[in-house]
Amino acid sequence: MSRTDKCLRPQNDEKLVFDVNSVLNERVTHYCPGCHHGIAHRLVSEVLHELGVADKTILVASVGCAAFTYDYFNVDSVEAPHGRACAVATGVRRARPDTVVFTYQGDGDMAAIGIGESLHAANRGEKITAVFINNTVYGMTGGQMAPTTLLGQKTTTSKQGRSLSNEGGPIRLAEIMAQLQGVAYSARYALDSVKHVREAKKAVRGAFDAQIAGLGFSFVELLSGCPTNWNLDPVAANKRIANDMIPVFPLGVFKDVADE
Amino acid sequence: MSRIVFLEERCKGCRLCVDACPAGILRPSGRFNRQGYEVMETDGACTGCASCAVMCPDTAIRVFKSAKAKGDAS
């Protein structure tokens with residue numbers, strides 16, 4: 001037994017207060033150091049574990065950095081074409097109404113190429129959950145401008161910084177979703193601090209609760225850091241979320257029909 | 001005293017745990033894992049609050065809370 005194995009067991013009066021659950025795969029992720037995808041994965045896995053629905057959950061993976069999401073969850077999964085995760089999830093949920101279906105999409109996937117499919121799936125009130133990772137850039141392809149890019153933010157395709165007159169402003173998808181009749185739950189939280197991560201978990205739980213109760217489409221947006229494409233170290237990327245992103249993308253629950 | 005264990009082969013050296021620790025007892029160790037990332041180490045009294053583990057994107061931290069330590073964690 002190695003030294004690490006021994007210290008991974010609780011000693012005399014100790015209790016293991018933080019551990020991963022069986023829904024999250026033990027594989028080391030391919031994400032960059034400091035990327036918040038790992039935190040988002042853990043939150044989703046904890047919620048599925050708490051609800052006890054992992055064995056009847058189907059994940060619809062998207063394209064982007066999260067393309068390999070299916071490697072990290074011990075649930076059944078389908079890979080969707082770019083942006084079409086909500087459309088694929090519609091088919092999966094209608095064919096198998098007894099399952100819990102969720103999509104895991106980035107901003108380039110859900111807010112750009114897939115915004116039509118996403119909004120219409122939401123408007124139809126499909127009983128699926130969409131987990132939306134907003135990091136204001138296309139991560140996997142090298143930091144191009146996304147619909148959620150902040151005004152003035154420099155990316156590889158907006159060298160002078162995004163301008164309102166030329167490229168338009170950042171899309172606030174959580175607010176747009178909240179306007180649609182078919183949406184049962186829409187919330188936005190951030191992953192930049194311990195407090196925000198704990199709040200984000202409650203929002204993910206609320207979204208899955210809404211789906212399991214059969215209320216309609218549920219949506220949760222998570223503001224995440226992309227240190228690599230922001231050219232910042234992970235700690236500075238967290239500060240950017242707090243200082244620059246949260247004022248543009250306010251946090252909170254925008255719609256919760258279970259509460260109304 | 002509570003304690004944390006780093007699963008060093010999972011660590012990517014992002015230092016978000018160092019930033020998150022309210023007691024300020026985490027620091028880079030100067031040692032590198034097989035992936036080539038600098039791993040962290042702990043030096044001081046841990047309260048078992050699990051802030052570091054909550055912020056770790058790579059679930060590389062396990063937290064053990066001592067029964068005697070009461071209060072400040074959830």
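Laboratory data are not the source of any read-out in this text; all were calculated from the coordinates shown. Only a predicted model underlies this, so the values are computations on that prediction, with no experimental measurement involved. Heads up, the Cβs are rebuilt from the backbone with ideal geometry, glycines too, and the neighbour counts pull from every protein chain shown.
Beta-bridge orientation, chain A: approximately 25 percent antiparallel, per DSSP, counting only bridges with both partners inside. Taking the Cβ-Cβ separation of A:Asp19 and A:Asn123 as r and a Förster radius of 41 Å, what is the calculated FRET efficiency to the nearest 0.05? Computed FRET efficiency for A:Asp19 and A:Asn123 comes out at 0.55. Shielding of peptide A:191-198 by partners, expressed as the average count of other chain Cβ atoms within 10 Å per residue Cβ, is 4.
Legend: mean number of C-beta atoms from other chains within 10 angstrom of residue C-beta atoms, peptide A:35-46, equals 3. Amide H contacts of A:Phe73: A:Asn25, each under 5 Å away and 5 or more positions distant or on a separate chain (H built 1.01 Å from N in the peptide plane; Pro and chain starts excluded). Modelled spin-label separation between A:Asp244 and A:His30, with each label point placed 7 Å from Cα along the Cα-to-Cβ direction: 2.7 nm. Put simply, when A:199-212, A:234-247, A:15-28 are sorted by average Cβ atoms within 10 angstrom per residue, most first, you get A:199-212, A:234-247, A:15-28. Sorted on the mean count of surrounding Cβ atoms within 10 Å across their residues, most packed first, peptides A:103-113, A:174-184, B:8-18 read A:103-113, B:8-18, A:174-184. Partner shielding of B:2-9 amounts to 3, given as the average count of beta-carbon atoms from other chains within 10 Å of each residue beta-carbon.
The protection proxy used here, the mean number of other Cβ atoms lying within 10 Å of each residue, ranks peptides B:24-30, A:40-46 as follows, highest first: A:40-46, B:24-30.
Label positions at A:Asp71 and A:Glu167, each projected 7 Å from the Cα along the C-beta direction, are separated by 2.9 nm.
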